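The values are calculated or read from the model by the stated rules, or taken from the named source; none is laboratory data. As the structure is a prediction and not an experimental result, all values here were calculated from the model. Using ideal geometry, Cβ is built from the backbone for each residue, glycine included, and neighbour counts are taken over all protein chains shown.
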Amino acid sequence: MLSIRRCLFALPTIALLAIGTTAHAEKTIVETAVNAGSFKTLVAAVGAADLADTLSSPGPFTVFAPTDEAFAKLPAGTIESLLKPANKSKLAKILTYHVLPGRVTAADVVKLTGAKTVAGEKVRITASDSGVKVNDAAVVQTDITCSNGVIHVIDNVLLPASQTIPEVASASGQFGTLLAAANAAGLVPTLSGAGPLTVFAPTDEAFTALPAGTVAELLKPENKAKLAEILKYHVVAGRVYSEDALALSSAPTVAGPSISITPTDGGANINGARLVATDIDASNGVIHVIDRVLLPSDAPPSSIPANDNRVAAMKPSVDTRAVAKAVIADAIHRGVPVYNAGDHHGCATIYMQALQSVASMQACGWSDHTQNQMQQTLTQCQQMTSATDRAWSLRHRLDQITVGL
């Protein structure tokens, strides 16, 4: 680890060093970037996305800041297109993909393999004797201290996933059967929607392992509903990364029944399926690859007797509540920058989907009062003409639910 840090700090410096560390600490992230003179494109983009106030707020934030030279590497016309008002939301997502919540110094960065950004998606972090990379961008300067966070300079612009879950699955070449099944079940539009969703995706080999004729039978039109239930049993609401999943022992699926999550020496099992790859980002969620098809009939038994409704209502599943909290946190992480970028309708849509998802999690043991409040908010917001009011009402309800979890 020491060799990595030495290498980092030995890398060539840029104009920011001329300002002085003490001066940095007295200025916000935005002020520091403006004064540096080497982040003119970044500063212009932050202004166009209406993120200057956010990045000037107390934070703290950690910003992986691309230099002007980094932006110049993008294809011709890209910057001009992103700076157009019509692309404000897209620009805000790209910029917030460069921001981590909290103050993460170089000493902390080199200990990580990845980190969740304010945009909701993760960046990969790799450290070696030659330095540190964030995705494919090299860190060329570290620990520029600001009053509300820290800046690390990178030599390429980071771009979040642009393909949807079905598009990512198609590009990988190992999920042909899964995609055919999703199409036959009419689920491709759902899996291509705003999400976010977490998909435990069986490979083609996993489907081949089913008894002979099973896949062909399920693909028949008369078995569409059954196929849809099986596929939805592979989907969890929210963007649930592997470290979040491993903190749970089970999680409710979109189909209703839960999946069990069991850590192993080599990784983890989902029911009886082995996780063979994790954290494959898509624009609307994340994919984890498994080596077996999951069946609702294999769902783990409830920890509460099925015939004891009173106890079930009084003692909700801790795991389900953890998932509900994760869904809300993910929605807020994604919704805030969208709202700040001026897309109040987009933010309201994210919050609406989160509240609908949480409201459907009956295993959380919601009281009648809480359930009524959620349904009332959903109904009222669908009737509101102001996207701003809708976003704020939904956020208020999500915050109230979080306090009770």
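Tabulated data
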{"item": "Residue match in region 165-181 (condition: touching a helix residue (DSSP H, G or I) at 6+ places or on another chain (Cβ under 8 Å), in contact (Cβ under 8 Å) with a residue 40 or more places away in the chain and of a type in the set (Asp, Glu))", "result": "no"}
{"item": "Members of region 281-299 that are out of contact with any Pro (no Cβ under 7 Å at 6 or more places or on another chain) and of a type in the set (A, V, I, L, M)", "result": "ALA282, VAL286, ILE287, VAL289, LEU294, LEU295"}
{"item": "Any hit, region 68-75, residues being at pLDDT below 85, small (Gly, Ala, Ser), over 22 Å from the mean Cα position of the chain (by Cα) and more than 26 Å from VAL336 (Cβ to Cβ)", "result": "no"}
{"item": "Residue satisfying all of: in region 148-170; of a type in the set (Gly, Ala, Ser) and within 28 Å of ILE79 (Cβ to Cβ); surrounded by the most Cβ atoms within 10 Å (Cβ to Cβ) among these", "result": "GLY149"}
{"item": "Residues being within 24 Å of the chain's Cα centre (by Cα) and at pLDDT 90 or above - total across region 126-148", "result": "9"}
{"item": "Any hit, region 192-214, residues being β-branched (Val, Ile, Thr), over 25 Å from PRO300 (Cβ atoms) and not in a strand (DSSP E or B)", "result": "yes"}
{"item": "Qualifying positions in region 105-130 - farther than 25 Å from THR278 by Cβ and of a type outside the set (Val, Ile, Thr)", "result": "ALA106, ALA107, ASP129, SER130"}
{"item": "Enumeration of residues in region 358-380 that are surrounded by 21 or more Cβ atoms within 10 Å (Cβ to Cβ) and either at pLDDT 85 or above or of a type outside the set (A, V, I, L, M, F, W, C) (or both)", "result": "THR377"}
{"item": "Residue list for region 140-180, filter: aliphatic (A, V, I, L, M) and out of contact with any Asp or Glu (no Cβ under 9 Å at 6 or more places or on another chain)", "result": "ILE144, VAL153, ILE154, VAL157, LEU159, ILE165, ALA169, ALA171, LEU179, ALA180"}
{"item": "Close pairs (9 angstrom Cβ cut-off, 6 or more residues apart or separate chains): in contact (Cβ under 8 Å) with a residue 60 or more places away in the chain and on the phi < 0 side of the Ramachandran plot in region 218-231, of a type outside the set (Asp, Glu) and in a helix (DSSP H, G or I) anywhere", "result": "GLU229/PRO296; ILE230/ALA181; ILE230/LEU218; ILE230/PRO296"}
{"item": "Residues satisfying the stated conditions in region 34-61, i.e. modelled with pLDDT of 90 or more and either part of a loop (DSSP other than H, G, I, E, B) or over 17 Å from VAL338 (Cα atoms) (or both)", "result": "VAL34, PHE39, LYS40, THR41, LEU42, VAL43, ALA44"}
{"item": "Given (1) closer than 20 Å to ARG239 by Cα; (2) surrounded by fewer than 21 Cβ atoms within 10 Å (Cβ to Cβ); (3) not acidic (Asp, Glu), index of the condition PHE200 fails", "result": "(2)"}
{"item": "Within region 88-109, considering residues that are loosely packed, with under 15 Cβ neighbours inside 10 Å and either in a helix (DSSP H, G or I) or at positive phi (or both), the one modelled with the lowest pLDDT", "result": "GLY102"}
{"item": "Condition met for VAL336 (modelled with pLDDT of 85 or more, out of contact with any Lys or Arg (no Cβ under 6 Å at 6 or more places or on another chain), in a helix (DSSP H, G or I) and on the phi < 0 side of the Ramachandran plot)", "result": "yes"}
{"item": "Test: residue in region 251-262 that is at positive phi and not hydroxyl-bearing (Ser, Thr, Tyr)", "result": "yes"}
{"item": "Residue within region 171-185 that is among the aromatic types (Phe, Trp, Tyr), part of a strand (DSSP E or B) and crowded, with 19+ Cβ neighbours inside 10 Å present", "result": "no"}
{"item": "Number of the exception - LEU112 against (1) at pLDDT below 90; (2) among the aliphatic types (A, V, I, L, M); (3) assigned to a helix (DSSP H, G or I)", "result": "(3)"}
{"item": "Scan of region 26-68 for residues that are touching a strand residue (DSSP E or B) at 6+ places or on another chain (Cβ under 8 Å), within 15 Å of PRO101 (Cα to Cα) and hydrophobic (A, V, I, L, M, F, W, C), ordered by number", "result": "ILE29, LEU55, PHE61, VAL63, PHE64, ALA65"}
{"item": "Residue in region 276-284 that is in contact with a strand residue (DSSP E or B) (Cβ under 7 Å, 6 or more places away or on another chain) and either acidic (Asp, Glu) or crowded, with 23+ Cβ neighbours inside 10 Å (or both) present", "result": "yes"}
